[in-house]
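The values are calculated or read from the model by the stated rules, or taken from the named source; none is laboratory data. Just so you know, these numbers come straight off a predicted model, no measurement behind them. Glycine also receives a Cβ, built like all others from the backbone with ideal geometry; neighbour counts cover every protein chain displayed. These area figures cover heavy atoms from the full protein model, side chains too; ligands, DNA and RNA do not enter into them. Shrake-Rupley method; radii C 1.70, N 1.55, O 1.52, S 1.80 Å.
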Amino acid sequence: MPRRGSVLVKQNFRRFLALTGTALIVSACSVSQSESDTSANSAVTTAEYPLISPYSSPSGTYLAGLVAGHSRDYSIAADLMLHALEASPEDPQLLARSFLLTASVGRDQEAIDLAKRLLVVSPDQALAHLILLIDAVKREDWDEAQSRNEAAPNVGVNTVLQPMFSAWTDLAKGNLDKALEKLEPLSKKDGFKTLYGIQIALLKDLGGRPGDAKDDYLTLLSSTEQPTLRQVNIVADFLNRQGDQEAAKGLLETYLQTNPENAIAIHALEQLGAEKGLERVISKPGDAFAEILFGFASLHAQEKAYDTGLVYANQALRLRPEYEEAKILVGEIMQTQGRSRDAINLYKTIPLQSPYAWTVGLRIADEMDVLGLEAETLETLDQLTTLRPERFEPYLRKGNLLRASEKFDASAKAYEQAINRIDAQDARFWTLFYFRGISFERTKQWPKAEADFLKALELSPDQPHVLNYLAYSWVEQNKNLSESEQMLIKAVELRPEDGYIVDSLGWVYYQLGKYENAVEYLERAIELKAEDPVINDHLGDAYWRVGRYHEARFQWRRALSFDPEDEQVEMINTKIDKGMSPSVTDI
């Protein structure tokens, strides 16, 4: 899809969310009003909510459900809301919350039962209609699917979904011409012409008109500046089924020219030459429903409507339980919501032979790291190095984990392994040299650290954290002070709200004897990082040099209150007791 086309789709989608029932159900039923709430993955027990006895009363259970929902413990939140619902079975808000919770965690039968009850008291709830429609599709009851689709409110996202659902229902009933006619309104919507084009081609493909389908597929590709991988795979599969393997191969190879490391495209190219061939994306109408649901789940996720996105994605999985792309999308949403354990468990259902196994393995390691499972994370990363020994990513993650644990010798070795697997002249990899430089510096291997910092700046000259780390290290060694000053001025321009970088500039001014300048920047640094012991100590030194002795001792005492390093404590106490000796510039 062209970049402009993608923007139009998102703009239209955003407008639909703002104006319609989807937005209403998100605002009315969302488990959490704040997507930034990422505290999750702890088992919800009465011990966690000491003021609430969940099953003592409906109101207590309801409150416990809200707390569990805010903590992203959705399954337990659903249990609690269902218990509360027993006392108020027709409460629209409680019904809506219970419905959305069960639907978002894939508890299908409960969601179906609740959808029916919800529509009695609130007949315009779009997601409730969707759940019942997909249940009919799952059972291949196409008459009921048609009536469910027609009963849903034709507003917002449904103005796009309903023509597609109607078309595929007609195809399932054997009427391709009627299906094409039902889809026609989609062609008139700005931003949805590409979606219309792929749907038309798929309908003709599955409906037995391969000649027409080929024309539509090729028209779609020629009118699309940058076809998506999904579009490429669908058309390649079609061409291969039509006996034109060379055209299918050429299409995949063209995609790989601009995406050379895409494991999915590489896998498809390999499958093309295998006996089994490419997997057919749409082999029956239910698959088309799943594909549509997945697409709109992705759009909801992009708009941060995560709960609704989960409903769409789980319905896609209901129709295609092994739909790996949908599983990965659900896992991504879980990661965004801070539901690390749920994401790990879901990712583990994707088999090792899947082309997604590598990416999923890295995500499992990331979430294990989030949970603080260091041994398990390292074990997973070691397994990944065996799976694809030529890749740098597991070594990078291993280095980051070890560096965070202050195991700097081991982290330096891990970064070394990563660097051995990259193009050292590729600017994308400046972080590897920066991180290894930190590991070398912390293990007192300064010449190696300095070389890595300089290499990182060679690859990416305007990285404020590298400028800061190298310049501050030089300042601490009382070397290259003029160069350090210029580097830190640039770093502060790039990150004016970073207290550590502002402190570094103040400290280089101190070392240069420019004490008034030092005070100015160190006071700014304190405003940004008020509780950092080193910055407080620095400001105390600068105050002393400009004759502000009482303020200097005040800052040193503040530094002691913020738990400084042991070796810093004695020096600060000495300054409090005796002050500072004159500097060279004071003499």
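Restrict the check to the range 77-90 and report whether at least one residue is closer than 18 Å to residue 313 by Cα and not in a helix (DSSP H, G or I).
No, the range 77-90 contains no residue that is closer than 18 Å to residue 313 by Cα and not in a helix (DSSP H, G or I).
Could you check the range 104-128 and list, in sequence order, the residues that are assigned to a helix (DSSP H, G or I) and open to solvent by 20 Å² or more (accessible area, probe 1.4 Å)? Let's see the steps before the verdict.
Looking only at the range 104-128, we keep the residues that are assigned to a helix (DSSP H, G or I), and these are 104, 108-121, 126-128.
108, 109, 110, 113, 116, 117, 119, 120, 121 - these are the residues of the range 104-128 that are assigned to a helix (DSSP H, G or I) and open to solvent by 20 Å² or more (accessible area, probe 1.4 Å).
Quick test of your reading of the structure: residue 272 fulfils all but one of (1) modelled with pLDDT of 90 or more; (2) out of contact with any Phe, Trp or Tyr (no Cβ under 6 Å at 6 or more places or on another chain). Name the failing condition by number.
(1)
For the range 424-457, how many residues are charged (D, E, K, R), open to solvent by 50 Å² or more (accessible area, probe 1.4 Å) and under 30 Å from the mean Cα position of the chain (by Cα)? Please lay out each step first, then the result.
Narrowing the range 424-457 to residues charged (D, E, K, R): 426, 428, 436, 441-442, 444, 448, 450, 452, 455.
Filter again for open to solvent by 50 Å² or more (accessible area, probe 1.4 Å), leaving 428, 441-442, 444, 448.
Retained after the next criterion (residues that are under 30 Å from the mean Cα position of the chain (by Cα)): 428.
Residues that pass the stated criteria total 1.
Please work out which one of (1) assigned to a helix (DSSP H, G or I); (2) in contact with a Lys or Arg (Cβ under 8 Å, 6 or more places away or on another chain) is the condition residue 270 fails and give its number.
(2)
With the condition kept exactly as written, say whether any residue in the range 396-406 is closer than 23 Å to residue 348 by Cα, open to solvent by 50 Å² or more (accessible area, probe 1.4 Å), modelled with pLDDT under 95 and in a helix (DSSP H, G or I).
no
When you scan the range 521-587 for helices (runs of 4 or more DSSP H) that lie fully inside it, which ones turn up with 3 or more residues that are over 21 Å from residue 500 (Cα atoms)?
Working: elements: 533-545, 549-561, 566-578.
Result: 549-561, 566-578.
Going through the range 318-330 one residue at a time, which ones are in a helix (DSSP H, G or I) and either open to solvent by 30 Å² or more (accessible area, probe 1.4 Å) or free of Cβ contacts under 8 Å to residues at least 40 places away in the same chain (or both)?
Filtering the range 318-330 for residues in a helix (DSSP H, G or I) gives 318-319, 324-330.
Within the range 318-330, 318, 324, 325, 326, 327, 328, 329, 330 qualify.
Hey, any hits in the range 310-330 for a residue that's within 17 Å of residue 102 (Cα to Cα), among the hydroxyl-bearing types (Ser, Thr, Tyr) and in contact with a Leu (Cβ under 8 Å, 6 or more places away or on another chain)?
Checked the range 310-330: at least one residue is within 17 Å of residue 102 (Cα to Cα), among the hydroxyl-bearing types (Ser, Thr, Tyr) and in contact with a Leu (Cβ under 8 Å, 6 or more places away or on another chain).
Do you know which residues across the range 59-76 are open to solvent by 10 Å² or more (accessible area, probe 1.4 Å), in contact with a Lys or Arg (Cβ under 9 Å, 6 or more places away or on another chain) and not in a helix (DSSP H, G or I)?
Correct list: 73 only.
Given (1) farther than 24 Å from residue 170 by Cα; (2) outside any loop (DSSP other than H, G, I, E, B), where does residue 296 come up short, assuming only one miss?
Looking at each condition in turn, residue 296 falls short on (1).
Report every pair of residues separated by at least 6 positions or lying on different chains whose Cβ atoms are under 7 Å apart, first residue within the range 540-568 and within 21 Å of residue 524 (Cβ to Cβ), second open to solvent by 20 Å² or more (accessible area, probe 1.4 Å) and among the aromatic types (Phe, Trp, Tyr).
Note: pairs meeting the criteria are 541/510; 542/510; 542/515; 545/515; 546/515; 552/544.
Restricted to the range 151-188, and to residues that are modelled with pLDDT of 95 or more and among the acidic types (Asp, Glu), which residue is farthest from residue 131 (Cα to Cα)?
So the residue we want is 177.
Answer yes if at least one residue in the range 279-290 is modelled with pLDDT of 95 or more and within 23 Å of the chain's Cα centre (by Cα), and no otherwise.
Yes; the residues of the range 279-290 include at least one that is modelled with pLDDT of 95 or more and within 23 Å of the chain's Cα centre (by Cα).
Among the residues of the range 91-102, write down those that are in a helix (DSSP H, G or I), within 15 Å of residue 58 (Cα to Cα) and either modelled with pLDDT under 90 or not aliphatic (A, V, I, L, M) (or both).
Taking the range 91-102 and keeping what is in a helix (DSSP H, G or I), we get 92-102.
Narrowing further to those that are within 15 Å of residue 58 (Cα to Cα): 93-95, 97-98.
Within the range 91-102, 93, 97, 98 qualify.
When you check residue 274 against the structure, is it out of contact with any Leu (no Cβ under 8 Å at 6 or more places or on another chain) and open to solvent by 30 Å² or more (accessible area, probe 1.4 Å), yes or no?
On the way: out of contact with any Leu (no Cβ under 8 Å at 6 or more places or on another chain): yes; open to solvent by 30 Å² or more (accessible area, probe 1.4 Å): yes.
Answer is yes for this residue.
Could you check how many residues of the range 465-499 are open to solvent by 60 Å² or more (accessible area, probe 1.4 Å) and assigned to a helix (DSSP H, G or I)?
Of the residues in the range 465-499, 8 are open to solvent by 60 Å² or more (accessible area, probe 1.4 Å) and assigned to a helix (DSSP H, G or I).
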